[in-house]
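Working notes for the structure below.
What follows draws every value from the coordinates through simple rules; no lab data is involved. Nothing here was measured: the structure is a model prediction, and the numbers come from that model. Quick reminder, even Gly has a Cβ in these numbers, built from the backbone with ideal geometry, and neighbours come from all protein chains shown.
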2 protein chains.
Amino acid sequence: TQQLLSEPSLEASRARPCRVSTADRSVRKGIMAHSLKDLLCKVQDTLMLEDKPFFLVLEEDGTVVETEDYFQALAEDTVFMVLQKGQKWQPPSEQGSRYQL
Amino acid sequence: TQQLLSEPSLEASRARPCRVSTADRSVRKGIMAHSLKDLLCKVQDTLMLEDKPFFLVLEEDGTVVETEDYFQALAEDTVFMVLQKGQKWQPPSEQGSRYQL
């Protein structure tokens, strides 16, 4: 046990379930990721973002997730949102009308 | 257990997730910090505050957080707000119009 605890690379390499939403909340996908870097790669493929730059925020309040250690501290099944250049996080209520169409 | 409890350095050294907002609530970032001092350093880098003096308050009600022990007593994922000279905490409702753009 001692050895496992002192091996941060093992901890970091365990894949964890993440949920990733588009900025307009129209699509949400489940993705397994070992790290923030891994998640960023998979998001690009899964949501077909081409080569446009993007970043991840928490879907609940728009907190920017840009460091590996903060990513590792988040709960499993945290919902992320992808924001591309020019896109801004908005609270869910203000996007409610989209669902009523 | 006895040994762990009497070792304040261990407790203080455990990094905890914090969320830090700018005064206008336009940017919120996730930051891991071992202590208030550590958070203040990382906030300066992460939010690119240059060398202007600043302090941290609770985003929810503007409570000034300036002691290490008060910081340690806060819940994980507490939302802090950075205030620089001349900036004043405002309740979210008065900034609501920004989100409607």
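Details
- Binned Cα-Cα distances of region B:2-89, short to long, each 10 Å bin given as a whole percent: 16, 52, 23, 7, 1
- Subset of A:85/B:52; B:37/B:85; A:85/B:29 violating a 21 Å alpha-carbon distance limit: A:85/B:52
- Inter-copy spacing of residue A:34 label points, which lie 7 Å from Cα along Cα→Cβ, given in nm from shortest upward: 2.7
- Relative contact order [Cα under 8 Å, 6+ residues apart], region A:15-88, whole percent: 39
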